[in-house]
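The values are calculated or read from the model by the stated rules, or taken from the named source; none is laboratory data. Everything quoted here is computed from the prediction, not taken from an experiment. Quick reminder, even Gly has a Cβ in these numbers, built from the backbone with ideal geometry, and neighbours come from all protein chains shown. Quick note on the areas: whole protein, heavy atoms, side chains included, nothing else; ligands and nucleic acids left out. Shrake-Rupley method; radii C 1.70, N 1.55, O 1.52, S 1.80 Å.
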Amino acid sequence: MSDEEILVSGARAKQKQNNIIDNYTTNIPIIGNQFDLDQYELFNSQINKDKIYKLVEQQFEDMNQNKIVNRFSLWRYLISSDQDLLAQLKATRMEYQTTITKIKTSGQQNPLQNKGLWSGFFQQSEIKTQITKDVERTHQEKEFFQNFKIKHLLTNILLVWSLRNPDSSYRQGMNEIAAEIIYVYFQELQGKIQFKHEDINFINAQYAEEDIFYVFDKIMNQCKHLEAFDTVNKVCPIVNKIRLIQDKYLKQIDEEYYKHLKMLDIEIQIFLIRWMRCIFTREFHLYDSLKIWDAILYDYHKTKDNLQLIECICLSLMLYIRTQGIYEKLQIQVIERQEYSSCVQRLMKYPPVEDFTNIIKSSFEIKQIINETITLEQAQSIQFFLKNKIQSQPQFIVEQKKPQYNFEQPPKIVEIEQQVQLKISSGDYSLILQQLDQIILENPQITQLERLKNFIEKAVIK
């Protein structure tokens, strides 16, 4: 039987043959032989957040140690809501199965007998062709990803997702994201089987596709990583983020490095697009990229800021190339004296990293730096936003004293507090904050509102 017959759109094959393919407990290379019952129950119970945070943070203290064993359960916890996890999984499993049924049904119909099927038939066929090519190229060096069942599973997930998200559909690089999730799923599944743990609710090979799809879809839509693949809108989100990284954040953190790249006219988007879209899966060993994902999803869970740590890791990696350990005060490398071609080659082909501990730590430090700076213009925009959004519409007055700092460098919050005062001429202060909390709940897409609230709490004179 050919590959074409077995993949999703070839569902005309006998049901018995499909059942053999969909059995993900046999004939798959072994990659997971560890299972931690305590972690399994901790991550899936959603009860003790502090204990989970402590465990993950311990991993960041020494990235060379493997403190996290049940990584799939952890990732699923970090991107799920506080609602009943099992109920969410059951709903997703049912939706996925419904979509698969529709795909199989359309595959069995003859478009020649129904003109309305033509467009869908060709669209599905075109998408599937592109997906199949990319699946064949995914981690070619690893036996696990060359296994036919894994290719079948990866193809299914990407095809179902593209058909459920027709506006964006499939884009090259999404295969790398889904592959990462598949890998950690089977690490945990195989460890669970070897451990002979009998729970069938949270990790069950019968729902392998559905549960992997759940995590993939959450990352793409809820965490808004889909923006990294947006090439349709005139304002391309990933290009805007890269401009911020180069023209604002890098300049703010290391102006000398920023000027050097500008002097050589290096467009960092030629490598940052790949870094950001594939979330570093192509730059590093698979095991290292898993730990980077731990940090990204952990930060998302705590801040809900649409995977902003990815941008900070990009900055940290760029600084690491420049100094080979800038935060350890090690010897400065020759990149400062290199020409265009040498710099680009170094950035395009990232050098090996023995220990990611400092890179992850510096990424969190960088995030704190870029988020704790606020300009006078931003403070005035806060005033305007609150004046128009808060129901009681208290009158805010911004008083600017004579600046004591250099406007070329964005001042820290503590400096702004000395220069700008937001005075409430009417209204109760506690009521204002209460109404602001409501605005934050109603506008979750405005990710910086929480940070602005913290600033106002410090800057407002009661």
**Asked** In the range 38-64, what residues are open to solvent by less than 80 Å² (accessible area, probe 1.4 Å), farther than 24 Å from Q222 by Cα and part of a loop (DSSP other than H, G, I, E, B)?
**Response** D62, M63
**Complete:** If you go through S80, S125, the only one that is at pLDDT below 85 and of a type in the set (G, A, S) is S125
**The lone exception for K102 - which of (1) of a type in the set (K, R); (2) at pLDDT 90 or above; (3) over 26 Å from C223 (Cα atoms) it fails** = (2)
**Asked** Pick from the range 65-74 the residues that are of a type outside the set (D, E, K, R) and either open to solvent by less than 20 Å² (accessible area, probe 1.4 Å) or at pLDDT below 90 (or both): which of them is farthest from E180 (Cα to Cα)?
**Response** Q65
**Prompt:** helices (runs of 4 or more DSSP H) wholly in the range 242-324 with at least 2 residues that are basic (K, R) - which ones?
**Reply:** 255-263, 269-277, 286-303
**Message:** Condition first: among the basic types (K, R) and in contact with a helix residue (DSSP H, G or I) (Cβ under 8 Å, 6 or more places away or on another chain). Now tell me which residues in the range 47-84 satisfy that.
**Reply:** K51, K67, R71, R76
**Prompt:** Which of the residues spanning the range 172-228 are at negative phi and not in a helix (DSSP H, G or I)?
**Reply:** Q172, H197, E198, D199, I200, N201, F202, I203, N204, C223
**Asked** Quick check, is K218 within 24 Å of M318 (Cβ to Cβ), basic (K, R) and open to solvent by less than 60 Å² (accessible area, probe 1.4 Å)?
**Response** no
**Request:** Provide a single number: the residues in the range 273-287 that are more than 13 Å from I313 (Cβ to Cβ), touching a residue at least 24 places away in the same chain (Cβ under 8 Å) and open to solvent by 10 Å² or more (accessible area, probe 1.4 Å).
**Result:** 4
**Request:** Note down all Cβ pairs under 8 Å where the first residue falls in the range 183-194 and is under 16 Å from F216 (Cα atoms), the second is of a type in the set (D, E) and open to solvent by less than 20 Å² (accessible area, probe 1.4 Å), and they're at least six residues apart or on different chains.
**Result:** Y185/D211
**Request:** Within the range 162-173, identify whether any single residue is open to solvent by less than 10 Å² (accessible area, probe 1.4 Å), within 18 Å of E126 (Cβ to Cβ), out of contact with any Cys (no Cβ under 9 Å at 6 or more places or on another chain) and at pLDDT 90 or above, and answer yes or no.
**Result:** yes
